[in-house]
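Step one of this worksheet: look at the structure below.
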Amino acid sequence: MPKVVITLPAYKAEGTLAKTIGDIPARAADELILVDDASPDHTVKVAREMGLHIVVHPENRGYGGNQKNCYTEALRRGADIIVLLHPDYQYDPKAVPLLIAPILAGDADMTFGSRFAGLGDPVGGGMPLYRYLGNRTTTALENLMLGSRFTDMHSGLRAYTRQCLLSLPFLSYTEDFSFDTQLLADAVTRGQRVVEVPIPTRYTRESSSIAVSRSLKYVAESLLYCARVSAIRGRRGKRSPVTRGDRSAKLLASARVVERPCALCGNRDQRVVYGATATGAILPEEYRCTTEALGVHDDIIQCSKCGLLSSLPTVSYDELIDGYKLMVDESYLLEERGRRELFGWFADALAGYATRGKRLLEIGANVGLFLDVARAHGWQARGIEPSKWAVEFGVEQYGVDLEMGTVEDLNEPDRCADVVVMMDVLEHLADPVGALRRLRPLLDEGVLVLSTVNVNSIHARVRRESWPWFIRSHLYYFSPETLGQVLSSAGFRMVDWETVPRSFHLSYVAQRATKSHPRLARVANAITRAADPELPVGMLGDIAMVVARPR
Ligand SMILES: [Zn+2]
């Protein structure tokens, strides 16, 4: 049987707590956790007398902050189903078995109780009319934005599967009331199955009713958040990481056939989508991540069965690996500040996901700049990197925990990391599925974060064979679909796909374009004498950050 944990985010609940607990049906839960948000009354004393598992905040954090601790504590204590129940007796605790029934039946990842779906009469039950109307209006607007059809999106009676909470970056949400909306909107737009359950409700005098000004702030924040996620991810189901449509290069029926087993599905029938533009041996500089040989590539082929795009390299994988080992790339640090900012964005994204500990392992860490940033964000960060120069430079310059190694000769014990990070590495590997399978046991329940080129980006579709990310050291090109399949066959589940907001200073771009586009570089250099603006190249959508959890 799954372990059911009821969490109670409490603030000044001394008067209603006993009644709430008393009404929870026997055997409805295996454990009760109360998180007290520094209540000035006797909430903690009452909870202690009732034998609850208690977490006390030394300072008041707010309703969202309270829930963050409710959920991390429940996850830490091995909960399979986590229930949110307000200890202010606003929601009927007798509804808990009804609430978790769809989850137990395997039909939902998240449920919430609706006070407007048929059972009872909320206004007759004491809900103020302005609150009733406000709720119905904002729910209607949020439905419109998210493409959902719920009747009550502001319910505080909720239940989640463990997997659902692990898939959402709930630690990054607000500490305030709109935490509820952020979590629901993310669940809906990230492919979680959300089910509404009718529940009775009533307003009693003890129930916490937030003040009008705070209500308005809550409504504004909630609507803004829904607008933002629907703009980024599309309406419900349409663009969640799992289901959005593939618009990358389409297979040409007439194209040249290449016999080569697909790394993902094993199918041997591959077609040349874009012919090679490169000739001869790979130059040492093509191994750098600041290479100027952009858009210079071997034959780009696509599997006729699963659609995975790869390149048909003219050199052996051993030669490529030797190239990475000998790689020296001093120009990588020209944009150190920009890279640090970007890595800070990664570290912030990462911090949204609940993990047991803070052990971070980076594969292909280059000189260790991200390790340095991650360490400042509280991670015990270490990394491996094939380039001897990069390892020596990183250890010397930043004092990071960095060793020479590749994912192929990885020798790490199982469950040694809470987070594995792999930035712009997967597309360079001969066997991406095999590499991810090797990383899978390191993680237990942790988080895999990777970034890779997105062949489904607008830029890639417009530029076709001259897309700059078609380079000779890239052996694979992923779309959300094919990467989802790669992750899935390695034992992972993709929970997020986001465009990486990279930007570079014009001076840096000009310097890098000196050889390939000398005239453009001269013009750009002339501009930088007056100003050196940052170019938001991330808007092209070329690089995606992907978050995955073990299945
Ligand atoms: Zn295939």
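Every number in this text was worked out from the coordinates using simple rules, so none of it is lab data. As the structure is a computational prediction, the values presented were derived from the model and not from experiment. Note: ideal-geometry Cβ built from the backbone for every residue, glycine included; neighbour counts use all protein chains shown.
Quick look at the values:
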item: Relative packing of peptides 164-171, 94-101, 122-129 - highest average C-beta neighbours within 10 Å first; result: 164-171, 94-101, 122-129
item: Residues of type aspartates and glutamates that LYS12 reaches as a straight line, Cα spacing below 12 Å, ignoring anything fewer than 8 places off in the same chain; result: ASP36, ASP37, ASP41, ASP88, GLU206
item: Nearest 10 degrees, 0 to 90: helix 432-443 Cα axis against the chain principal axis; result: 40 degrees
item: The chain: equivalent-ellipsoid semi-axes (sqrt of 5 x gyration tensor eigenvalues, Cα, Å); result: 48, 24, 23
item: Dipole magnitude (debye, nearest 20) for the chain, charges at Cβ of Lys, Arg, Asp, Glu; result: 1700 debye
item: Neighbourhood charge, 13 Å Cβ-Cβ cut-off, centred on TRP389 and excluding it, Lys, Arg +1 and Asp, Glu -1; result: -2
item: Simple spin-label estimate for ASP431 and LEU312 in nanometres, 7 Å along Cα-Cβ; result: 2.3 nm
item: Theoretical gain in end-to-end length, ASN267 to ARG48 [0.36 nm per residue, Cα-Cα removed]; result: 72.7 nm
item: If the convex hull is drawn through the Cα atoms of segment 432-551, its volume per residue in Å³; result: 121 Å³
item: Distance between modelled label sites at GLU403 and THR499, nm, 7 Å Cα→Cβ extension; result: 4.0 nm
item: Neighbourhood charge, 15 Å Cβ-Cβ cut-off, centred on VAL367 and excluding it, Lys, Arg +1 and Asp, Glu -1; result: -4
item: Cβ charges +1 (Lys, Arg) and -1 (Asp, Glu), total dipole of segment 4-239, debye; result: 740 debye
item: Approximate spin-label separation ASP30-ARG529, in nm, with each point projected 7 Å along Cα-to-Cβ; result: 7.2 nm
item: Listed residues LEU224, GLN67, ILE471: farthest to the positive end of the dipole of the chain (Cβ charges); result: LEU224
item: log₁₀ of I(q)/I(0) at q = 0.13 Å⁻¹ - segment 282-388, Debye sum with one point per alpha carbon; result: -0.68
item: Distance histogram in 5 Å bins (all Cα pairs of segment 1-121, percent per bin); result: 2, 11, 22, 24, 21, 12, 6, 2, 0
item: Cα long-axis angle, helix 336-351 against the chain (0 to 90 degrees, to the nearest 10); result: 40 degrees
item: At q = 0.14, 0.15, 0.18 Å⁻¹, base-10 log of I(q)/I(0) for segment 4-239 (Debye sum, equal scatterers on each alpha carbon); result: -0.88, -1.03, -1.57
item: Positive-pole candidate from PRO128, THR111, SER148, dipole of segment 70-159, charges at beta carbon; result: PRO128
item: Charge context of THR174, other residues only, Cβ under 15 angstrom, K/R +1, D/E -1; result: -2
item: Value at 222 nm in deg cm²/dmol, rounded to 500, when DSSP H runs of n ≥ 4 in the chain each add -39,500 (n - 2.57); result: -10000 deg cm²/dmol
item: Ordering of 488-497, 526-535 by burial proxy (mean other Cβ atoms within 10 Å per residue, highest first); result: 488-497, 526-535
item: Point-charge dipole on Cβ atoms (K/R +1, D/E -1) for segment 282-408, about Cα centre, debye to 20; result: 780 debye
item: Under 19 Å from the LEU334 label point (7 Å along Cα→beta-carbon), backbone N, segment 267-285; result: 283-285
item: Dipole-positive endmost among LEU52, VAL546, SER304 within the chain (Cβ charges, Cα centre); result: SER304
item: In degrees, nearest ten, helix 518-528 long axis to first principal axis of the chain (Cα); result: 50 degrees
